[in-house]
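Trainee: Here you go, one structure.
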């Protein structure tokens, strides 16, 4: 069945946002179609790192709060939940710091008890997973009656797009995320992990913040904020990500997890956009995206017959010493323990590095760039 993806314009996070969200929900049959009075509703934004909303890395707190209020209005019981990137300790105190530094504590000032700090997890057995047999998921998320996925429209240096499907990877608690990067080193297999996590969590509704998006080398500090002035809604995260590809000029067959989903008959690649279709021209893609021919840089590095050629093909993380503050976030986020700290800056051991770009993603100072390091 072809799923609807609603696309509506929203100028900013103040003017007309509530009405734009109402239009999206109306296109999908109304909020009451999804949420009943008394339902415990988990709102899952993208809270990847400690970052101001102005940097367009996290789902804007005003966007999340507007959805939060609409659920209360119809008698639902919403709460906000996420597990940030592996560079941030997954503790109650760290989560409180995350909410403060991302602007959520201020916007939810009268509702801070609804910002989840429960770090408990539950192991879920997966009968027909693409690659996983079991996975740990945030328990409060599993206990919810309904999940609303609230991703941010962003690029991503590994998967090229950080959209609706990938946002649900935040359902995996804390450092658990790191082990999957280590176990599944090529992006094709890692994409299967993303699909399995999405299938376990099954958000019933996805509303995307694309008012200010992140282009370039996303999904974090090295990306570039850009006003795109759209919000999207769909029952199906795969359909939403396919629609985003159309909006920003990505070939969906070049998005590893979308390719995996289509190969496994989880999508036929079709969707139906309703509402508006604003052109988002010249959207800057990550440097790791090599055009219309799909190239998996991690697989090339690990499996190419002559790995020496990868030095010309694969962007590698490089520490910019003048920006590094030696905080150690990159050390904690690296699944292969390839990073150490000396007296000046972080040091990367390229013999251990698997090019997962977790350090690039998690660095709070944007001090890790991606470079082709030649012979």
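The values are calculated or read from the model by the stated rules, or taken from the named source; none is laboratory data. Keep in mind that this is a model prediction, so the values were computed, not measured. Here the Cβ is made from the backbone with ideal geometry for all residues, glycine too, and neighbour counts use every protein chain on show.
Trainee: Testing residue 374 on (1) over 18 Å from residue 85 (Cβ atoms); (2) modelled with pLDDT of 95 or more, one condition comes back false. Which one is that?
Mentor: Against the list (1) over 18 Å from residue 85 (Cβ atoms); (2) modelled with pLDDT of 95 or more, residue 374 comes up short only on (2).
Trainee: Same structure again: Sort out which residues of segment 261-281 are part of a helix (DSSP H, G or I) and either surrounded by fewer than 22 Cβ atoms within 10 Å (Cβ to Cβ) or at pLDDT below 95 (or both), and write them in order of number. Break it down into steps so the answer makes sense when it comes.
Mentor: If we filter segment 261-281 for residues that are part of a helix (DSSP H, G or I), which is where we start, we get 261-263.
Passing the criteria: 262, 263.
Trainee: If you scan segment 83-110, which residues turn out to be touching a helix residue (DSSP H, G or I) at 6+ places or on another chain (Cβ under 7 Å) and either part of a helix (DSSP H, G or I) or at pLDDT 95 or above (or both)? Explain how you work it out, then say what you get.
Mentor: Step one: list which residues in segment 83-110 are touching a helix residue (DSSP H, G or I) at 6+ places or on another chain (Cβ under 7 Å), which gives 83-88, 99, 102-105, 107-108.
Residues satisfying the conditions are 83, 84, 99, 102, 103, 104, 105, 107, 108.
Trainee: Taking the options 32, 44, 23, name whichever one is more than 16 Å from residue 203 (Cβ to Cβ) and surrounded by 17 or more Cβ atoms within 10 Å (Cβ to Cβ). Show your work before the answer.
Mentor: Details: 32 fails: surrounded by 17 or more Cβ atoms within 10 Å (Cβ to Cβ); 44 fails: more than 16 Å from residue 203 (Cβ to Cβ).
Selected residue: 23, the only one of 32, 44, 23 that is more than 16 Å from residue 203 (Cβ to Cβ) and surrounded by 17 or more Cβ atoms within 10 Å (Cβ to Cβ).
Trainee: Could you check residue 235 against (1) more than 17 Å from the chain's Cα centre (by Cα); (2) outside the structural domain of residue 42 (by TED's automatic domain parsing) and say which number it fails?
Mentor: That leaves (2) as the condition not met.
Trainee: Among the listed residues 317, 286, which satisfies the condition of being surrounded by 20 or more Cβ atoms within 10 Å (Cβ to Cβ), assigned to a strand (DSSP E or B) and modelled with pLDDT of 50 or more?
Mentor: Details: 286 fails: assigned to a strand (DSSP E or B).
Sole residue among the options that is surrounded by 20 or more Cβ atoms within 10 Å (Cβ to Cβ), assigned to a strand (DSSP E or B) and modelled with pLDDT of 50 or more: 317.
Trainee: Could you check how many residues of segment 239-256 are out of contact with any helix residue (DSSP H, G or I) (no Cβ under 6 Å at 6 or more places or on another chain) and on the phi < 0 side of the Ramachandran plot? Outline the logic, then answer.
Mentor: Step one: filter segment 239-256 for residues out of contact with any helix residue (DSSP H, G or I) (no Cβ under 6 Å at 6 or more places or on another chain), giving 239, 243-244, 246-251, 254-255.
When the remaining residues are screened for being on the phi < 0 side of the Ramachandran plot, the result is 239, 243-244, 246-248, 250-251, 254-255.
Summing the residues that are out of contact with any helix residue (DSSP H, G or I) (no Cβ under 6 Å at 6 or more places or on another chain) and on the phi < 0 side of the Ramachandran plot in segment 239-256 gives 10.
Trainee: Applying the selection to segment 23-75, what residues are without any contact (Cβ under 8 Å) to a residue 40 or more places away in the chain, under 22 Å from residue 239 (Cα atoms) and not in a loop (DSSP other than H, G, I, E, B)?
Mentor: Listed by number, the residues that qualify are 26, 33.
Trainee: Something else about it: Restricting attention to segment 5-20, and to residues there that are touching a residue at least 12 places away in the same chain (Cβ under 8 Å) and surrounded by fewer than 19 Cβ atoms within 10 Å (Cβ to Cβ), which single residue is farthest from residue 104 (Cα to Cα)? Lay out the reasoning, then the answer.
Mentor: First, the residues of segment 5-20 that are touching a residue at least 12 places away in the same chain (Cβ under 8 Å): 5-14, 17-18, 20.
If we keep only those that are surrounded by fewer than 19 Cβ atoms within 10 Å (Cβ to Cβ) as well, we get 9, 11-14, 18.
Numbers: 9: 23, 11: 21, 12: 17, 13: 14, 14: 16, 18: 18 Å.
So the residue we want is 9.
Trainee: Taking the condition of being under 29 Å from residue 128 (Cβ atoms) and either at pLDDT 95 or above or out of contact with any strand residue (DSSP E or B) (no Cβ under 8 Å at 6 or more places or on another chain) (or both), how many residues in segment 244-260 meet it?
Mentor: 11
Trainee: Let me ask another. Where the second residue is in a strand (DSSP E or B) and the first is at positive phi and lies in segment 214-229, which pairs have Cβ atoms under 7 Å and are six or more apart or on separate chains?
Mentor: 216/155; 216/223; 216/224; 229/9; 229/211
Trainee: Here is a list of conditions, (1) surrounded by 16 or more Cβ atoms within 10 Å (Cβ to Cβ); (2) within 19 Å of residue 170 (Cα to Cα); (3) without any contact (Cβ under 8 Å) to a residue 24 or more places away in the chain, and residue 82 meets all of them except one; can you say which number that is?
Mentor: Of everything listed in (1) surrounded by 16 or more Cβ atoms within 10 Å (Cβ to Cβ); (2) within 19 Å of residue 170 (Cα to Cα); (3) without any contact (Cβ under 8 Å) to a residue 24 or more places away in the chain, residue 82 misses just condition (3).
Trainee: To continue, here is another question. For residues in segment 170-196 being in contact with a strand residue (DSSP E or B) (Cβ under 7 Å, 6 or more places away or on another chain) and within 22 Å of residue 91 (Cβ to Cβ), which is modelled with the lowest pLDDT? Outline the logic, then answer.
Mentor: First, the residues of segment 170-196 that are in contact with a strand residue (DSSP E or B) (Cβ under 7 Å, 6 or more places away or on another chain): 170-173, 176, 196.
Narrowing the set further to residues that are within 22 Å of residue 91 (Cβ to Cβ) leaves 170-173, 176.
Details: 170: 98, 171: 99, 172: 98, 173: 97, 176: 92.
So, considering only residues that are in contact with a strand residue (DSSP E or B) (Cβ under 7 Å, 6 or more places away or on another chain) and within 22 Å of residue 91 (Cβ to Cβ), the one modelled with the lowest pLDDT is 176.
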